[in-house]
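*Asks:* Take a look at the following structure, please.
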Amino acid sequence: MSDPTTQNTICLEEATIISQQSFPGDQYILRVHAPRSAARAIPGSFAHLACGPAIPMRRPLSIMRAHQRKGWLEFLYKPVGAGLEHLKKQTTGETLSLLGPIGNGFTPDPRRPNILAIGGGVGIPPMIFLAESLQNDNRFEVLVMMGSEVPFPFELSKAGISVSRVPPTASYGVTLLEEWGTPSRVASKAGYEGCFQGFVTELARIWLSKLSAQELQKVQLLGCGPTDMLKATTVLAKNFDLPCQLALEEYMACGVGGCAGCTVLLHTPQGPTMKRVCVDGPVFDAYQIY
């Protein structure tokens, strides 16, 4: 049985496509009008989308942005598999059955006011959502680092917000984040201009290694991305003795905790236990996962 406090927040609604933008690297940003879900979405939560009447299984997509007043949700995805291949062909005005928002999101600790948010590939969306949600929260300062091996599906520009202790090659940031007053830096091994040439976790390590012990006591890590990146982020957390929350991505069937097809092993003080990524997560304490 799913967590009733989580279950009560899940809405089933017909979402109308507002826009569908394509980007290099076979990437898409989908915006839909889904006011009930938009009103409840939090960074780290996701939606379960029906991609079309001929596609029996829904697809889970992390929420990248949500506008409560205008009632829209935004998703970034790469069409892997028949379901998302069908989704990318959907056009403005068409409707999709949407179940969401689902899951427990990030819970930043105010005792650690400096957030290093690390996103990789399709794990970037929750970091965008997090930065937007905290842009007016004076308790936190957020630094976003993103990594991708395909072109970033955002406008990048010469960073206007300075970040000390990052390599000079990491000179570009995400324009949208800059507009929100959130500093960001990007990393890639694909040789893109303005990017740190390496993994995003390597860029993060350089920045963290230059902080004093007193400065590190104010830092917390939040991350989402491929498994190898999440493992590397956890290593960073352990090396620098930092709290760390990770949003996992997992294949799932029902998305609401009934099928238990997305379980993950956690190592808790009470011993090993299995938790469902959909409703028990997708955000977990990194120290309990790896």
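Derivation of every value follows stated rules applied to the coordinates shown; laboratory data play no part. The shown structure was predicted, so the numbers you read here are calculated from the model rather than taken from an experiment. With ideal geometry, Cβ positions are generated from the backbone for all residues, glycine too; neighbour counts draw on all protein chains shown.
*Asks:* Quick check on packing: order 120-126, 24-30, 157-163 by the mean number of other C-beta atoms within 10 Å, highest mean leading. Spell out each step's value before the answer.
*Replies:* Details: 120-126: 24.4, 24-30: 16.6, 157-163: 12.9.
Highest mean packing first, the order is 120-126, 24-30, 157-163.
*Asks:* If you line up the long axis of helix 227-239 against the longest principal axis of the chain, both from Cα atoms, how many degrees apart are they, to the nearest 10?
*Replies:* 40 degrees
*Asks:* Related question: With θ set to phi - 60° and the Karplus curve 6.51 cos²θ - 1.76 cosθ + 1.60, what are the ³J(HN,Hα) couplings of region 250-267 in order, to the nearest whole Hz, using x for Gly and Pro?
*Replies:* 8, 5, 8, 9, 7, x, 10, x, x, 8, 6, x, 10, 6, 9, 7, 10, 10
*Asks:* Pull out a ≥ b ≥ c, the square roots of the eigenvalues of the alpha-carbon gyration tensor of the chain, then state rounded if a/c is under 1.5, prolate if not and a/b is larger than b/c, and oblate in the remaining case.
*Replies:* oblate
*Asks:* Now for a different question. Considering amide H positions built from the backbone, and no H for Pro or chain starts, which residues 5 or more places from Thr263, or on another chain, come under 5 Å of its amide H?
*Replies:* Val277
*Asks:* Each residue of region 128-134 in order: what ³J(HN,Hα) in whole Hz does its phi give by Karplus 6.51 cos²θ - 1.76 cosθ + 1.60, θ = phi - 60°, with x for Gly and Pro?
*Replies:* Each residue's phi maps through the Karplus curve to give 5, 4, 4, 4, 5, 5, 9 Hz.
*Asks:* Given an 8 Å cut-off on Cα distances and at least 6 residues of separation, report the relative contact order of the chain as a percent. List each step's numbers first, then the result.
*Replies:* Details: 691 pairs, mean separation 51.5, N = 290.
Reported relative contact order: 18 percent.
*Asks:* Going by amide H atoms built from the backbone, whose H comes under 5 Å of the H on Glu94, apart from near neighbours?
*Replies:* Ile17
*Asks:* If a cysteine in the chain has no other Cys Cβ under 4.7 Å from its own Cβ, put it on the list, ordered by number.
*Replies:* Here Cys11, Cys51, Cys195, Cys224, Cys244, Cys262, Cys278 come out as lacking a disulfide-compatible partner, given the Cβ-Cβ threshold of under 4.7 Å.
*Asks:* Between Tyr251 and Glu85, what is the label-point separation in nm under the 7 Å Cα-to-beta-carbon projection?
*Replies:* A separation of 1.6 nm, rounded to one decimal place.
*Asks:* Short version: ³J(HN,Hα) in whole Hz for each residue of region 17-34, in order, from phi by Karplus 6.51 cos²θ - 1.76 cosθ + 1.60 (θ = phi - 60°), x for Gly and Pro, what are they?
*Replies:* Karplus-based 3J(HN,Hα) across region 17-34 equals 5, 8, 7, 9, 9, 9, 9, x, x, 6, 10, 9, 10, 10, 10, 10, 8, 9 Hz.
*Asks:* Taking the Cα centre of the chain as the origin, how large is its charge dipole in debye, to the nearest 20, when only Lys and Arg (+1) and Asp and Glu (-1) carry charge on their Cβ atoms?
*Replies:* 200 debye
*Asks:* Once amide H atoms are built 1.01 Å from N in the peptide plane, which residues 5 or more positions from Gly198, or in another chain, come under 5 Å H to H?
*Replies:* Ser188, Lys189
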